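Here's the structure we're looking at; comments come further down.
The values are calculated or read from the model by the stated rules, or taken from the named source; none is laboratory data. These figures come from a predicted structure and were not determined experimentally. Here Cβ is always computed from backbone atoms with ideal geometry, including for glycine, and neighbour counts include all displayed protein chains.
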């Protein structure tokens with residue numbers, strides 16, 4: 001088992017929760033696949049939920065590869081039992097679109113938000129989402145959209161919203177969502193990644209208006225990551 005409680009506590013202290021009734025949206029992303037982004041995002045969400053006065057949401061934004069709910073459900077000692085599924089959109093908005101649009105049996109369009117569900121963990125302190133990709137038909141795809149309504153809606157219901165984004169070499173989702181998040185944290189596997197890839201990703205995110213808070217350097221699965229280091233070109 002990987003326990004990053006101490007490291008995530010330092011990261012939480014550095015980033016801080018949302019202010020007042022407006023939650024903070026924190027996006028986690030890596031330049032390359034396999035750098036441990038999902039683990040870091042999940043552990044950060046858990047720590048934030050334990051300390052939060054309002055619920056914390058963990059958004060599994062990898063629309064092709066959904067792992068967060070199964071990972072949390074498979075670790076009841078740390079996350080408790082998962083509760084019953086519920087709608088994951090407070091107002092019916094979503095952060096993705098389906099192309100071509102999904103149509104129900106009645107011939108009417110199905111709102112993309114209907115494909116996103118959430119289940120509570122930690123006794124309701126943490127909510128984790130799942131995109132029901134199995135509903136899609138052949139030729140349909142889900143893509144992130146440049147629309148802040150979903151994130152604004154969640155800010156009113158959560159103290160912290162954690163976005164687990166797919167790596168930049170697999171998807172451009174992080175470049176679409178980073179300007180809509182409050183801060184972005186890059187995850188780097190220090191022993192495996194050349195500096196050029198995360199530096200390039202940092203520059204791309206800042207070029208589209210994203211706010212880079214810093215970097216979690218994940219040196220191995222059992223050694224503590226170094227937190228919020230700034231990348232140098």
Any chance you could count how many residues in segment 118-141 are farther than 16 Å from residue 55 by Cα and modelled with pLDDT of 95 or more? 2
Flag for residue 86 being surrounded by 21 or more Cβ atoms within 10 Å (Cβ to Cβ), over 15 Å from residue 161 (Cα atoms) and either touching a helix residue (DSSP H, G or I) at 6+ places or on another chain (Cβ under 6 Å) or modelled with pLDDT of 95 or more (or both): no
Answer yes if at least one residue in segment 93-113 is in contact (Cβ under 8 Å) with a residue 60 or more places away in the chain, crowded, with 21+ Cβ neighbours inside 10 Å and under 16 Å from the mean Cα position of the chain (by Cα), and no otherwise. yes
Any idea which residue in segment 19-46 is nearest to the chain's Cα centre (by Cα), counting only those that are closer than 16 Å to residue 158 by Cβ and surrounded by fewer than 21 Cβ atoms within 10 Å (Cβ to Cβ)? 24
Would it be correct to say that residue 108 is touching a strand residue (DSSP E or B) at 6+ places or on another chain (Cβ under 7 Å), over 22 Å from residue 46 (Cβ atoms) and at pLDDT below 95? no
For the structure I just gave you, tell me whether residue 166 is without any contact (Cβ under 8 Å) to a residue 24 or more places away in the chain, part of a loop (DSSP other than H, G, I, E, B) and either in contact with a strand residue (DSSP E or B) (Cβ under 6 Å, 6 or more places away or on another chain) or within 30 Å of residue 203 (Cβ to Cβ) (or both). no
Failed criterion for residue 174 (all others in (1) within 15 Å of the chain's Cα centre (by Cα); (2) assigned to a helix (DSSP H, G or I); (3) over 27 Å from residue 32 (Cα atoms) hold): (3)
Test result for residue 204, surrounded by fewer than 23 Cβ atoms within 10 Å (Cβ to Cβ), at pLDDT 95 or above and over 25 Å from residue 55 (Cβ atoms): yes
Being surrounded by 14 or more Cβ atoms within 10 Å (Cβ to Cβ), at pLDDT below 90 and touching a strand residue (DSSP E or B) at 6+ places or on another chain (Cβ under 9 Å) is the requirement here; does residue 190 meet it? yes
Can you confirm whether segment 131-147 contains a residue that is surrounded by 18 or more Cβ atoms within 10 Å (Cβ to Cβ), within 17 Å of the chain's Cα centre (by Cα), part of a loop (DSSP other than H, G, I, E, B) and in contact (Cβ under 8 Å) with a residue 60 or more places away in the chain? no
